[in-house]
1. Quick check: anything in region 198-207 farther than 24 Å from A374 by Cβ and touching a Leu at 6+ places or on another chain (Cβ under 8 Å)?
2. Could you tell me whether A160 is of a type in the set (G, A, S), touching a Cys at 6+ places or on another chain (Cβ under 8 Å) and in the same structural domain as V262 (by TED's automatic domain parsing)?
3. Exactly one condition in (1) over 13 Å from the mean Cα position of the chain (by Cα); (2) farther than 27 Å from R359 by Cα; (3) in contact (Cβ under 8 Å) with a residue 24 or more places away in the chain; (4) surrounded by fewer than 22 Cβ atoms within 10 Å (Cβ to Cβ) is not met by Y242; state its number.
4. Under 9 Å by Cβ, and 6 or more places apart or on different chains, what pairs join a residue from region 432-459 that is at positive phi with one that is part of a helix (DSSP H, G or I) and aromatic (F, W, Y)?
5. Out of E16, E7, E43, report the one residue that is touching a Pro at 6+ places or on another chain (Cβ under 9 Å) and more than 12 Å from Y107 (Cα to Cα).
6. Restricting to region 51-69, give me the number of residues that are over 25 Å from I447 (Cβ atoms) and either at pLDDT below 85 or buried (at least 20 other Cβ atoms within 10 Å of the Cβ) (or both).
7. It is to be established whether one or more residues within region 30-39 are part of a strand (DSSP E or B), in contact with a His (Cβ under 9 Å, 6 or more places away or on another chain) and either crowded, with 20+ Cβ neighbours inside 10 Å or of a type outside the set (K, R) (or both).
8. Determine, yes or no, whether Y372 is touching a helix residue (DSSP H, G or I) at 6+ places or on another chain (Cβ under 6 Å), assigned by TED's automatic domain parsing to the domain that holds S318 and either crowded, with 17+ Cβ neighbours inside 10 Å or farther than 30 Å from S458 by Cα (or both).
Amino acid sequence: MSRTLQEVLAMCEENEIEIIDFKMTDIDGRWHHLSIPVERLTEDTMKYGIGFDGSNYGYAAVENSDMVFIPDLDSAVVDGFMEIPTLSMIGDVMVIDRPNNRPFNQYPRNVAKRANEYMKETGVADTMIIGPEYEFYIFDGVQYENNPECSGFAIDCEQAQWNSGSEFNNNGYIVNRAKGYHVDLPNDVNADLRSEMCLILKDWGVDVKYHHSEVGGCGQMEIEVAMDEMTKLADGTLTAKYVIKNTAAMAGKTATFMPKPVAKEAGSGMHVHMHLFKDGEPIFYDENGYAQLSETAMYFIGGLLTHAASLCAITNPSTNSYKRLIPGYEAPVTIGYAMSNRSAVIRIPAYAKAPKDKRFELRNPDATCNPYYAYAAILMAGLDGIEKKIDPQAKGWGPFDFNLWDLPDEEKAKLGGLPKSLDEAIDALENDYEYLTKGGVFPKELIDIIIKRNRAASEEVNRTTNPKEFELYYDL
């Protein structure tokens, strides 16, 4: 699809649109927006863009912070979350230059596009197809404060086991801790809300495979979307977060993608399924390979596992991420691969048997990542494995066709593990980033600013007194 300006203006007239809303992405993966009256969407907008100060979005300084946003007409969608009839669009960011503007090489969408271009230049493949799984919690309320004299948080969820003794609106149908997987009505109080989210996502161009209640008893959910081209689903990931959060808010609830909002409950990940195609043909399939995966697919896995630690600084960029990546909660902690094994970092679904469906999933990412950077980094790590012919079996990374969590401690100690903290992941990225800079995909200044920002966030958390410390140490 390639819409013209005239088609978008006709769409505006048909829907009585009054405001055009532009969504821009900051370095952390949050949408920001600016709006213009509909009559100001003209050919000049498409040629010269909308100017803004890029220094407020967290990117490394460039010689000129004045940038322009060029809308992507194909992304135009009626935004039902606005009271005023509004059409929303994402797009690309350009640096103002002479004689022509040039793509800002740190802007997330531009990084993802450049990764795709680099993949084509290698000749390995021309399309990366991915399929993320969105896990999140829906709460009925949340409060938190971080002051020198008082810090803490509180959440509430109607279906949580802690409400079994509540005197108000209690019908006795609660969900016990870690018993939320696929619970049915009346326990699943958010079923209609999830369905509404999925219908709205379809209107926004994101196709849903299914949705269900997840393991976390206090309101954990999952929506899995249909697989699609990598950059399109990076757009779709931010769209999904926007739709899910706003649909929950309109229902008087709140949705969070924090990896571990509740201790001793299941964490929320964002598993990423992936496979590569060339000239329309899948290149990850081999009838005679392990799990019917080709040699190329195994090298791609080798690249992912080689760079797993440094990837975490991009795919798991929050301190909270590492409260999820712990044993005992179906989250991966060991570097390895296997078929149908959820304890491995890389899992090969046994049910995906057709050549066009043959794929694997990376299970450590979570939705605190910037999806454009995360998906691009995953592609670059895999391509590095193909280029260097990294055999994961020869490296001792599997296949692990048994539950890694059941291994004796002495055996676990022999296996490599994911970082246990954001600081460890940042250290790994500082020492392993060359695969990201190939082809100019990730500018070195972008990697430097990611390291600087994440290090600062980690230090701030580490320096903050934790309520748990009062329990442990107050009386000593």
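The values are calculated or read from the model by the stated rules, or taken from the named source; none is laboratory data. None of these values were measured; they are calculated from a predicted model. Backbone-built Cβ (ideal geometry, glycine too); neighbour counts: all protein chains shown.
1. no
2. Values: of a type in the set (G, A, S): yes; touching a Cys at 6+ places or on another chain (Cβ under 8 Å): yes; in the same structural domain as V262 (by TED's automatic domain parsing): yes.
Yes, satisfied.
3. (1)
4. G439/Y118; G440/Y118
5. Numbers: E7 fails: touching a Pro at 6+ places or on another chain (Cβ under 9 Å); E43 fails: touching a Pro at 6+ places or on another chain (Cβ under 9 Å).
Result of the check over E16, E7, E43: E16.
6. Step one: of region 51-69, the residues over 25 Å from I447 (Cβ atoms) are 51.
Retained after the next criterion (residues that are either at pLDDT below 85 or buried (at least 20 other Cβ atoms within 10 Å of the Cβ) (or both)): none.
Residues meeting the conditions: 0.
7. Taking region 30-39 first, the residues part of a strand (DSSP E or B) are 31-37.
Keeping just the survivors that are in contact with a His (Cβ under 9 Å, 6 or more places away or on another chain) gives none.
No, because not a single residue in region 30-39 is part of a strand (DSSP E or B), in contact with a His (Cβ under 9 Å, 6 or more places away or on another chain) and either crowded, with 20+ Cβ neighbours inside 10 Å or of a type outside the set (K, R) (or both).
8. Details: touching a helix residue (DSSP H, G or I) at 6+ places or on another chain (Cβ under 6 Å): yes; assigned by TED's automatic domain parsing to the domain that holds S318: yes; either crowded, with 17+ Cβ neighbours inside 10 Å or farther than 30 Å from S458 by Cα (or both): yes.
Yes; evaluated as a whole, the condition is true for this residue.
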